[in-house]
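Structure first, then comments.
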Amino acid sequence: MNYTFDFAPVVSAWPMLLQGVLGTLRMSSLSMVFGLSLGIVFMLMRMSKQAGMRAIAIGYIEMIRNTPILVQVFFVFFGMPAIGIRLSGEQAAILAMTLNCAAYAAEIVRGGVQSIRPGQIEAGRALGLQTRDIYRFIVLRPAIRAVYPALCSQFILLMLNSSLVSSVSAEELTYFAQTLDLQTFRSFEIYLTLGVIYLLLSQFFSIALGVIGRVYFSYPAK
């Protein structure tokens, strides 16, 4: 084995990699927020008494959960221009990751909502709470609290899957790592560093989401 390890090109390119880290954090965070919000909408549709609403939600969820996220990214970036919708790489990445996250979040949150006992809702009505407050404080918040660990795992998986959006030139961490590889041909050093950075990002999201959980879902509810 005559390979000589040299991390100097990687170290000297830290501004580029930092830009990639910030891009990954930005796209992943936005997709998580938008995905959870849209997921709650699809969850409500999935549990609606109207057959049409349920059919739309079930069809969407099954389609997203049973197709690769890379295909979804390609569809948004390469397919949607056929109907006149052209997006930049970052816009397509955020949209695709949002749609993907929404499908999984909808099913996760639905499991939490179904764990709420009907007696709790009846108690809220007996106390004179409005329907909006019942769903906000008695249904949705306890439901999200119950499934929060599962949501956190899904969010971290989404962040790791963001590496796939480099295929449509979205400027995130893997995109810049591939660019650096083409410039220096230090593949071993670059992708080893890339793996370490993704590990650190996973730990960052785990800690950040844990803090959010303690602040917003602690007992008693604030």
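No lab work stands behind these numbers, since they all come straight from the coordinates. A quick note: this is a predicted structure, and the numbers were derived from the prediction, not measured. Note that we place each Cβ from the backbone using ideal geometry, even for glycine, and neighbour counts take in every protein chain shown.
Results, tabulated for the structure shown:
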| quantity | calculated |
| --- | --- |
| Per-residue ³J(HN,Hα) for segment 144-161, Karplus 6.51 cos²θ - 1.76 cosθ + 1.60, θ = phi - 60°, Hz, x for Gly and Pro | 5, 4, 5, 10, 4, x, 5, 5, 4, 4, 5, 5, 5, 4, 4, 4, 5, 5 |
| Approximate shape of segment 41-115 as ellipsoid semi-axes (Cα gyration tensor, √5λ), whole Å, largest first | 26, 13, 10 |
| C-alpha long axis of helix 187-216 to longest principal axis of the chain, angle in ° | 20 degrees |
| Helix axis angle, 173-184 relative to the chain longest principal axis, alpha carbon, degrees | 10 degrees |
| Solvent-free Debye scattering, log10 I(q)/I(0), computed from the Cα coordinates of segment 1-83 at q = 0.13, 0.21 Å⁻¹ | -0.69, -1.10 |
| Which of PHE217, PHE205 has the fewest Cβ neighbours within 10 Å, and the rest in rising order | PHE217, PHE205 |
| The chain: relative contact order as a whole-number percent, Cα under 8 Å and 6+ apart | 29 percent |
| LEU22, LEU127 arranged by Cβ crowding within 10 Å, fewest neighbours leading | LEU127, LEU22 |
| Simple label model, 7 Å out from Cα along Cβ direction - SER187 to PHE217, nm | 4.1 nm |
| Distance between segment 35-85 and segment 138-152 - C-alpha centres, whole angstrom | 21 Å |
| log10 of Debye I(q)/I(0), alpha-carbon scatterers only, for the chain at 0.12, 0.13, 0.18 Å⁻¹ | -0.75, -0.84, -1.27 |
| The chain, dipole about Cα centre (Lys/Arg Cβ +1, Asp/Glu Cβ -1), debye to the nearest 20 | 1200 debye |
| Degrees separating the helix 14-46 axis from the principal Cα axis of the chain, which is the longest one | 20 degrees |
| Sum of -39500 (n - 2.57) over DSSP H runs of 4+, divided by residues of the chain (222 nm, nearest 500) | -24000 deg cm²/dmol |
| Residues GLU62, GLU90, sorted so that the one with the fewest Cβ neighbours within 10 Å comes first | GLU62, GLU90 |
| Charge dipole of the chain about the Cα centre (unit charges at C-beta), most positive-ward option of SER28, GLN130, ALA146 | GLN130 |
